[in-house]
Amino acid sequence: MTSLSLAGRKAGLVAAVALAAAALAGCETVGSAAGPKQYAVLETDATGATNVNIASLSEVIQRNPNDASAYNTRGAAYARAGQFGEAITDFTKAVQIDPNSASAFNNRALAYRQTGRNDAALQDFSKAISADPNYGPAYIGRANVLRAQGDLDGALNDLNMAIRMLPESAEAYHARGLVRQKQGQNQQAIADFDAAIDRNPFVSAPYAARGQSLIATNQYDKAIEDYNAALNVNNKDATSWAYRGLAYEKSNRKKEAAESYQRAAQIEPGNAIAKQGLGRVQGGVSSLFN
């Protein structure tokens, strides 16, 4: 390999690491009570391009076995392919080579979350912050774990830090909105979801989350608009169909409510919101309005 091509490959690795860190830093999406939460590590690649990328990165690692960024980037490629064990192995190698790599600690933490190891994830997010106190994605990631564990004050503190560091981060505002929603501060949550949507209007989760707070504050027509927007992005989201049904039901539009609940039940037969809602609008149990 010529020095020029090696330099080009290295430059590509640096860019890929930056992209991996950004993609790996996503927030928890809104999920149904019946189904598992999903975390935005990297979207699974079904094109086969990831396998080619992994092979190429493996060649780079063979030539540069002490290159932490190469392991970090290949770990992100493994994560994209859903191979989280291999991803964790590569991120571990990256932090062994470079114990100050906030990106590698953060990426390994997110991979740990995907495998249900929240305590290990929490430790790695904290290590990322220790390595670089200005690494905003780690504050977002740690906040999501803290929220899941019920430490809402700790999560809010981390997200306030993240927003100061990353004022254009849709993920940070979305995550803070979820914390405030869980605290029952729905107006403040709506403001955070507004900010998230302003920064990235092309993902469904903030619309769906804002819809829940709009329902909680009796703004049913606006909630319906939000679920329409969410479903326009992802029409396979049973939770959005179910909550749209709830918004229709609360605005006394039972026919539309039944149709939305039915769509939710078709996608996710065990969806509790849809099942209970269908019982109400079809006369199985007492109405919400009695």
Hits in segment 130-148 - residues which are outside any loop (DSSP other than H, G, I, E, B) and more than 14 Å from Val95 (Cβ to Cβ)
Gly136, Pro137, Tyr139, Ile140, Gly141, Arg142, Ala143, Asn144, Val145, Leu146, Arg147, Ala148
Subset of segment 247-272, residues within 11 Å of Ile224 (Cα to Cα) and either aromatic (Phe, Trp, Tyr) or under 24 Å from the mean Cα position of the chain (by Cα) (or both), comes to Tyr248
Segment 170-216: number of residues that are within 21 Å of Gly136 (Cβ to Cβ) and in a helix (DSSP H, G or I):
25
Which members of segment 76-112 meet the condition of being under 22 Å from Asn64 (Cα atoms), of a type outside the set (A, V, I, L, M, F, W, C) and touching a Gly at 6+ places or on another chain (Cβ under 7 Å)?
Asp90, Asn107
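Conditions tested, residue by residue: (1) among the aromatic types (Phe, Trp, Tyr); (2) closer than 24 Å to Gly116 by Cα; (3) without any contact (Cβ under 8 Å) to a residue 60 or more places away in the chain; (4) touching a helix residue (DSSP H, G or I) at 6+ places or on another chain (Cβ under 6 Å).
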{"site": "Lys127", "(1), (2), (3), (4)": "no, yes, yes, yes"}
{"site": "Asp132", "(1), (2), (3), (4)": "no, no, yes, yes"}
{"site": "Gln149", "(1), (2), (3), (4)": "no, yes, yes, no"}
{"site": "Leu166", "(1), (2), (3), (4)": "no, no, yes, yes"}
{"site": "Gly184", "(1), (2), (3), (4)": "no, no, yes, no"}
{"site": "Gln219", "(1), (2), (3), (4)": "no, no, yes, no"}
{"site": "Ala230", "(1), (2), (3), (4)": "no, no, yes, yes"}
{"site": "Val233", "(1), (2), (3), (4)": "no, no, yes, no"}
{"site": "Trp241", "(1), (2), (3), (4)": "yes, no, yes, yes"}
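Values quoted throughout were computed directly from the atomic coordinates according to the rules given, and no laboratory measurement underlies them. Keep in mind that this is a model prediction, so the values were computed, not measured. As a convention, Cβ positions derive from the backbone with ideal geometry for all residues, glycine included, and neighbour counts pool all protein chains shown.
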